[in-house]
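Asks: Sharing a structure, written as structure tokens. Questions coming.
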Amino acid sequence: MHPGSLVTDATDRRLDTAAVHAGEDRPNPLRTIPPPLALASTFHFATLDEAIAVAEGRDGSAYYSRYGNPTVRAAEKKLAALDGADDALLFASGMAAFSTTMMALLSSGQHVVFGEDCYRPSRQVLQGTLARFGVTSTAVPVDDLDAIEAAIRPRETKVLFIETPSNPFNRVADLAALAALKKRHRGVKLVVDATFATPLNLRPLDHGADLVIHSATKYLGGHNDVLAGVVSGRAGMIEAIGELRSQLGPNADAHAAWLVLRGLKSFPARMRRHNANALAVARALEADPRVKRVWYAGLESHPDHARAAALLDGFGGVVAFEHTGDFEGTRRFCDALGIFQIAASLGGAESMVHPPAVFSWWDLPAEAREAAGISDALVRLAVGIEDADDLVADVLRGLDAIGPA
Ligand SMILES: *Cc1c(COP(=O)(O)O)cnc(C)c1O
């Protein structure tokens, strides 16, 4: 056995080694150290018999990239190893991964129970698009197990979908309880969007989830240069989702997959830094009189701190806080920052600031925002991998601009 194959084992838990080596052929045909970029929509055969072998499934070689591409496949194998899954599929975005997965799992007349504080486009897919095709859904608070139990309809409910930690409040779901609840209802699949956790901080498949979804646009890609998404899980389920992907075509292209592969090499190292920097920023915020409340699961003041400490290996890179000012204070805070850039995403090297009232909730009336806890004084920080002291100093400069408490 070639040593390279030792780290392609999906059960390998040494994430740093798997992130660098898993999924990559060694040696590859060009003997490049980085994985080769197969920038091709289609592939040729030397003889018709070779084509027939592929058509009959006796040879797994690529022949058309909507059905599979070697660079995409390398990224998928690496991601499967990181998630501790049999297999994974890469998509053109996190939303492509989510919507294709839901379409593969659900048919007209069936029902989804989902955590109410999920990513808004995910909610829109469930309540808007899938509703047009006869799939119904019920939003529930993730920490209310009785409400979830009551929302599950015998035979109709096929999916329990949650996001953990949640955006922007870092609420951490009780995965063991949700997995036990799911087990009592045969035919229900537990699907977890773990974008905020990443495989470094949480591996939901180890806690009873059936499928895990990530927006690889965030920490896994890690450089704010590529949109991608992934779903990981057991071979049979992944195969079914892959068949639908081959029909619909929401695939990641080879170039996007190559950027994901490159990002993944440094992902565990970067993620530890995000975890450490965010904790430092959260602590500095909590100690400041101009801050009313900090939502970071690594702080003892967070409602889910005990659960998060038991379940997670790190608390992630997103810190939300409410200051003592009004919306004008939020404006002054954001405009005063020198390192944090005003932007909508998270998970890249660069720190970003984002008032949820403006970015994700701008089209909702003020009352709806308040009901969801999205106040004018709420700020979300996506803490990057710069120097922690520099980031803390930047945040304190922003608080200075708000004015005294
Ligand atoms: C960004 C994000 C998504 C969507 O991913 P895209 O790659 O932007 O399509 C889904 N879930 C969460 C939690 C996200 O942060």
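Asks: Quick one, can you get me the convex hull of the C-alpha atoms of the range 74-134 expressed as volume per residue in Å³?
Replies: 105 Å³
Asks: Follow-up. Just to confirm the number: angle between the C-alpha axis of helix 70-83 and the first principal axis of the chain, 0 to 90 degrees, nearest 10?
Replies: Rounded to the nearest ten degrees, it is 50.
Asks: Between the DSSP loop rule and a limit of at most 14 other Cβ atoms within 10 Å, which trypsin sites (Lys or Arg not before Pro) in the range 84-172 are left?
Replies: Arg155
Asks: Considering all alpha-carbon pairs of the range 155-280, what whole percent are spaced by more than 23 angstrom?
Replies: Pairs farther apart than 23 Å: 38 percent.
Asks: By how many nm would the segment from Glu367 to Glu243 lengthen if fully extended, with 0.36 nm per residue of separation less the alpha-carbon distance? Don't skip to the end; give the middle numbers.
Replies: Values: separation 124, 0.36 × 124 = 44.64 nm, distance 4.31 nm.
The span from Glu367 to Glu243 would gain 40.3 nm if fully extended.
Asks: Note the full-extension length gain between Asp335 and Asp253 as 0.36 nm times their separation in residues minus their Cα-Cα distance, in nm to one decimal. All intermediate terms of the calculation are to be shown ahead of the outcome.
Replies: Values: separation 82, 0.36 × 82 = 29.52 nm, distance 3.67 nm.
Full-extension gain reported as 25.8 nm.
Asks: What percent of all Cα-Cα pairs in the range 101-224 falls into each 10 Å bin, going from 0 up to the bin containing the maximum distance?
Replies: The percentages, shortest bin first, are 13, 47, 33, 6, 0.
Asks: If you take the beta carbon distance between Arg272 and Ala177 as r and set R0 to 41 Å, what does 1/(1 + (r/R0)^6) give as a FRET efficiency, to the nearest 0.05?
Replies: 0.90
Asks: In addition: For the pair Tyr63 and Asp389, what calculated FRET efficiency results from E = 1/(1 + (r/R0)^6), where r is the Cβ-Cβ distance and R0 = 56 Å, to the nearest 0.05?
Replies: 0.55
Asks: Counting only helical runs of four or more DSSP H residues, what would the 222 nm mean residue ellipticity of the chain come to if each run contributes -39,500 (n - 2.57) and the total is spread over all its residues?
Replies: Rounded to the nearest 500, it is -11000 deg cm²/dmol.
Asks: In terms of the ratio Rg/(2.2 N^0.38 Å) built on C-alpha atoms, what value belongs to the range 363-404?
Replies: In units of the 2.2 N^0.38 Å rule of thumb, it is 1.56.
Asks: Measure nothing fancy, just the Cα-based angle from helix 94-105's long axis to the longest principal axis of the chain, in degrees from 0 to 90, nearest 10.
Replies: 60 degrees
Asks: Shifting gears a bit: Given the range 268-402, report the % of alpha carbon pairs whose separation exceeds 19 Å.
Replies: Of all Cα-Cα pairs in the range 268-402, 47 percent lie more than 19 Å apart.
Asks: I need the shape label for the range 292-358. Rule: rounded when a/c is under 1.5, else prolate if a/b > b/c, else oblate, with a, b, c from the alpha carbon gyration tensor.
Replies: Since a/c reaches 1.5 but b/c is at least a/b, the shape of the range 292-358 is classed as oblate.
Asks: Using every pair of alpha-carbon atoms in the range 329-405, split the distances into 5 Å bins beginning at 0 and state the percent of pairs per bin, rounded to integers.
Replies: Result returned by the calculation: 3, 16, 25, 22, 18, 11, 4, 1.
Asks: Take a quick pass over the chain and tell me how many lysine pairs come in under 14 angstrom between Cα atoms, counting only ones 8 or more apart or on separate chains.
Replies: Step by step, the pairs that qualify in the chain add up to 5.
Asks: Another one. Could you work out the relative contact order of the chain, using alpha carbon pairs under 8 angstrom and six or more residues apart, expressed as a whole percent?
Replies: Details: 822 pairs, mean separation 64.0, N = 405.
Contact order relative to length: 16 percent.
Asks: Mind checking the angle between helix 267-286 and the chain's longest principal axis? C-alpha axes, 0 to 90 degrees, to the nearest 10.
Replies: With rounding to tens, the tilt is 10 degrees.
Asks: Report, for the range 268-402, the % of DSSP beta bridges that are antiparallel, rounded to 5.
Replies: Around 85 percent of the beta bridges assigned by DSSP in the range 268-402 are antiparallel ones.
Asks: Still on this structure, I have one more. Just how far, in whole angstrom, is the range 322-360 from the range 175-216 if you go by their alpha carbon centroids?
Replies: Taking the Cα centre of the range 322-360 as reference, the centre of the range 175-216 is 30 Å away.
Asks: Would you mind getting me the FRET efficiency between Ala343 and Arg186? Use the beta-carbon distance for r and R0 = 51 Å, nearest 0.05. Let's see the in-between values first.
Replies: Numbers: r = 44 Å, r/R0 = 0.86.
Computed FRET efficiency for Ala343 and Arg186 comes out at 0.70.
Asks: Could you check the simple spin-label distance between Asp206 and Glu56, using points 7 Å along Cα→Cβ, in nm with one decimal?
Replies: So the label points at Asp206 and Glu56 sit 4.3 nm apart.
Asks: Next question, about the same structure. Can you compute 3J(HN,Hα) from phi for each residue in the range 198-204, using the Karplus curve 6.51 cos²θ - 1.76 cosθ + 1.60 with θ = phi - 60°, rounded to whole Hz and x for Gly and Pro?
Replies: Result, ordered by residue: 6, x, 6, 8, 7, 10, x Hz.
Asks: Another question, if that's okay. Quick check for you: which residues of the range 138-161 have the amide N under 19 Å from the point 7 Å beyond the Cα of Ser107 toward its beta carbon?
Replies: So the set is 153-160.
Asks: From the backbone phi of the range 237-245, what are the Karplus-calculated ³J(HN,Hα) couplings (6.51 cos²θ - 1.76 cosθ + 1.60, θ = phi - 60°) in whole Hz, Gly and Pro given as x?
Replies: Listing the rounded values in order: 5, 5, 5, 5, 5, x, 5, 5, 4 Hz.
Asks: Only sites in a loop by DSSP and with at most 15 other Cβ atoms within 10 Å count here; which chymotrypsin sites (Phe, Trp or Tyr not before Pro) in the range 301-405 make the cut?
Replies: Those satisfying the criteria are Trp362.
Asks: Determine the distance separating the Cα centre of the range 290-320 from the Cα centre of the range 33-49; give it in Å without decimals.
Replies: 46 Å
Asks: One quarter of the convex hull surface, Cα atoms only: what value does that give for the chain in nm²? Kindly include the intermediate steps, with their values, before the conclusion.
Replies: Details: hull surface 83.2 nm².
If you wrap the Cα atoms of the chain in a convex hull and average its projections, you get 20.8 nm².
Asks: Also, quick follow-up: Using the basic label-point model (7 angstrom from Cα toward the beta carbon), what is the Phe359 to Arg26 distance in nanometres?
Replies: Between Phe359 and Arg26, the label points sit 3.8 nm apart.
Bear in mind these aren't lab numbers, they're just calculated from the coordinates by the rules spelled out. Remember, it's a predicted structure, so these values are computed and weren't measured experimentally. Note: ideal-geometry Cβ built from the backbone for every residue, glycine included; neighbour counts use all protein chains shown.
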